[in-house]
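Notes follow once the structure below has been shown.
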Amino acid sequence: RLQGDWSSDVCSSDLRLDGLCSRSRTVFALACAERLLPCYSVFCTKSINGQWCHLRSVADELWDQLCGRVVRPDQEFLAEYPSLAPGDHTARSERTLLDPLAENAVVALGSAWESHISGESQKAFWAAEQAYEAMDYITQNIRDIELGEAGGELSILQDELVQDELKRQTDDITTLEQIGECDDTYVAVIQRLREQAGISGQALKTTAEAW
């Protein structure tokens, strides 16, 4: 089934996120970030500004806390993560085509951590937005689509990369809606969603490496 546009599908998902427990919202957000992290690792091979090992460690710690039902804020990361993303402060001579994807990955992970601490569904929503924006950006570049051209926006929406991300987000929410954090299999579900996100991220990494 062709998924709708992000604004309709994920605005619907945003309402569904409100119905999840705060822990499940963070699982959803972190899965979004996990799919993007391999792109950040590729960025680090092409830029002097990356901190791959640090970001990987921060993500692993959050997965561990979610599995252990622990909330132990990483205040250092929360304070510094905006500076870990390439942006306007990066010299033009140092910018790469991967910079926007790296920024999406960092912001998604930061949003997942903020969701973990605050429990706010909006934070999880921001992580989902980053994942969608990354697929939109990749599609524009590899398909050479201009948003301003006739049918450009629809072509991006219908692309397999974008459709797959929309479906993954919907499927993850559906999975989390069907289980409570007190269920015996809850941790196994977290681990499964982590594994699935990692597999998707590795596939995306292959695309990023070709740039």
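The values are calculated or read from the model by the stated rules, or taken from the named source; none is laboratory data. What you see is a predicted model, and the numbers here were worked out from it, not measured in a lab. FYI the Cβ positions are ideal-geometry reconstructions off the backbone, even for glycines, and counts take in every protein chain you see. Just so you know, the surface numbers come from the protein's heavy atoms only, side chains and all, with ligands and any DNA or RNA stripped out. Shrake-Rupley method; radii C 1.70, N 1.55, O 1.52, S 1.80 Å.
Observations on the model:
- When the chain is treated as a GNM with alpha-carbon contacts under 10 Å, the residue of A128, A33, A85 showing the greatest mean-square fluctuation is A85.
- Fully extending the segment from E195 to S118, taken as 0.36 nm per residue of separation minus the present Cα-Cα distance, adds 25.2 nm.
- The calculated FRET efficiency for D183 paired with R95, based on their beta-carbon distance and R0 = 35 Å, is about 0.15.
- Taken over the alpha carbons of region 106-187 as equal point scatterers, the Debye sum produces base-10 log I(q)/I(0) values at 0.22, 0.27 Å⁻¹ of -1.04, -1.22.
- Mean projected area of the Cα convex hull of region 22-67, taken over all directions, amounts to 3.2 nm².
- Accessible area, probe 1.4 Å, largest first, for residues L36, L97: L97, L36
- About the Cα centre, charge dipole magnitude for region 149-188 (Lys/Arg +1, Asp/Glu -1 at Cβ), debye: 40 debye
- Within the chain, the longest run free of exposed loop sites, counting trypsin sites (Lys or Arg not before Pro) that sit outside DSSP helix and strand states (H, G, I, E, B) and have at most 15 other Cβ atoms within 10 Å, spans 144-211.
- Karplus-derived 3J(HN,Hα), 6.51/-1.76/1.60, for each residue of region 197-202, Hz, glycine and proline x: 5, x, 5, 4, x, 5
- Residues of type lysines that K46 reaches as a straight line, Cα spacing below 21 Å, ignoring anything fewer than 8 places off in the same chain: K205
- Solvent-accessible surface of protein heavy atoms, probed at 1.4 angstrom with all chains present, puts H116, H54 in the order H54, H116, largest first.
- For the chain, the Kirkwood estimate of hydrodynamic radius, built from reciprocal distances between every pair of different alpha carbons, is 17.3 Å.
- Count Lys and Arg as plus one, Asp and Glu as minus one, and take only other residues whose Cβ is under 12 Å from that of Y40; the net charge is then +1.
- Residue-averaged [θ]222 nm for the chain, counting only DSSP H segments that reach four residues, each worth -39500 (n - 2.57): -25000 deg cm²/dmol
- Fully extended contour minus Cα-Cα distance, from D18 to N141, at 0.36 nm per residue: 40.9 nm
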